[in-house]
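J.: Before anything else, here's the structure in question.
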Amino acid sequence: MPIFNYRAVDSDGRAVAGRIDASNLTDLETRLKRMELDLIDGAPPSVRNPQGSKRIPRRELIHFCFHLEHLARAGVPILDGLGDLRDSLENPRFREITASLIESIQGGQTLSQAMEAHPRAFGRVFVNLIRAGEASGNLPEILRRLTDSLKWEDELVSQTRKLSIYPAFVGGIVVIATVFLMWKVVPELKQFVNSMGEALPPQTRALFFVSDLLVDYWHAALLTPIALAAGLGILVNTNPLARLRFDALKLRLPFAGEILRKIVLSRFANIFALLYASGIPIIDAVHTTQNIVGNLVVQRGLEHVEQLIGEGQNVASAFQRAGFFPPLVIRMLRVGENTGALDEALTNVCYFYNRDVQESVEKAQQLIEPLLTLALGCLLGWIMLSVLGPVYDVISRIRT
């Protein structure tokens, strides 16, 4: 359905402008009437604004779920609650989506059905949970769990960003320092060392060779990493086998791979526990989580788990055969099944991974700083040894 730009006035005579889905101008006027707005003029359908392709910020979704939950608990009708939220939202795209939700619900759809028309804003997990809340009559509780889950995701992203910002910053300084030394300092030192007429040791020849390469072929040194990164990105995004091998390689990286595995499984455990606790069947919950883990290897493992559960195996055995959960988690799942408290066991699994991820990120931050300092020290030591070694040999012979 095309999007129309419109100008209208509300019941108080205030001018209102916005964008909304409509089939034509007549449909646009009808939809605005339902919103108690009188159409002034509407632009004909045009190419969708680039904003429409952007995802809604997670903070906006947290704000949306939190306020809609409290309005629902207070007994405010869903249409009135959405109307209040529409007027308070700061993101223009999300405001338009909320207005579209109101129109769809007024047209006879449920909230989950209206959300399905906006997959970039409300993902599959989000819609399934809202549908479960509508079916069980416990929508406020589902909204509370969604709020907690979104906050958890936000904290997880923040922890992951902390893990990458410091290495990127220090690594950038190391690269800049290396380029400056090789580009400016080493060529001048090379002239001085060569003027002594001494035979150069291997480490000095290697240093001068690297410096000459960087000076003479700087454009290749600059473009090659960019071209390799772009080529790898295209290959991974277009070739499923390359994507599978790349995701497997990420999980096998020393230290970082283990942290990545914990982050992926933490995300899965959190969403899986949320879906199951909301009344969604286990096999449907496993199927839904396959597209949110962000790693093709783990996704294939979950597909295998879904198949095993569909064949009649219990949850603990299926996850044990998948091979990517540690024995402690399998034990918790088995106890949960035997006691009939699988939802509590899943909550414990989620807590286990949340704590493990946080501790791993903190350890990584403590370890990265000395490693990068050591790398920079080794680089400077190599340069100083390569340059000062021949000078020291000359001075030693003069003294003797």
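J.: Looking at region 331-346 only, could you name the residues that are under 17 Å from Ala318 (Cα atoms), among the charged types (D, E, K, R) and touching a Gly at 6+ places or on another chain (Cβ under 9 Å)?
T.: The one that is under 17 Å from Ala318 (Cα atoms), among the charged types (D, E, K, R) and touching a Gly at 6+ places or on another chain (Cβ under 9 Å): Asp343.
J.: Can you work out which of the residues in region 101-115 that are assigned to a helix (DSSP H, G or I) and over 20 Å from Leu129 (Cα atoms) is farthest from the chain's Cα centre (by Cα)?
T.: The qualifying residue farthest from the chain's Cα centre (by Cα) is Gln106.
J.: Same structure, new question: Can you pull out the residues in region 295-343 that are of a type in the set (Asp, Glu) and either part of a helix (DSSP H, G or I) or touching a residue at least 24 places away in the same chain (Cβ under 8 Å) (or both)?
T.: Passing the criteria: Glu303, Glu306, Glu337, Asp343.
J.: Residues of region 62-97 being under 24 Å from the mean Cα position of the chain (by Cα) and surrounded by 15 or more Cβ atoms within 10 Å (Cβ to Cβ), which ones?
T.: Ile62, His63, Phe64, Cys65, Phe66, Leu89, Asn91, Arg93, Phe94, Arg95, Ile97, listed by residue number.
J.: Let me ask something additional. Hey, can you tell me all the residues within region 99-108 that are at pLDDT 85 or above and surrounded by fewer than 20 Cβ atoms within 10 Å (Cβ to Cβ)?
T.: Ile105
Residue-wise test of (1) within 22 Å of Asp80 (Cα to Cα); (2) polar (S, T, N, Q); (3) at pLDDT 70 or above.
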{"site": "Ile20", "(1), (2), (3)": "yes, no, yes"}
{"site": "Arg31", "(1), (2), (3)": "yes, no, yes"}
{"site": "Ile40", "(1), (2), (3)": "no, no, yes"}
{"site": "Ser46", "(1), (2), (3)": "no, yes, no"}
{"site": "Pro50", "(1), (2), (3)": "no, no, no"}
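J.: Is it the case that some residue within region 352-367 is assigned to a helix (DSSP H, G or I), under 30 Å from Ser195 (Cβ atoms) and either at pLDDT 75 or above or of a type in the set (A, V, I, L, M) (or both)?
T.: No, region 352-367 contains no residue that is assigned to a helix (DSSP H, G or I), under 30 Å from Ser195 (Cβ atoms) and either at pLDDT 75 or above or of a type in the set (A, V, I, L, M) (or both).
The values are calculated or read from the model by the stated rules, or taken from the named source; none is laboratory data. Note that this is a predicted model, so its numbers are computed, not measured. Because the Cβ atoms are built from the backbone with ideal geometry, glycine has one as well, and the counts that use them run over all protein chains shown.
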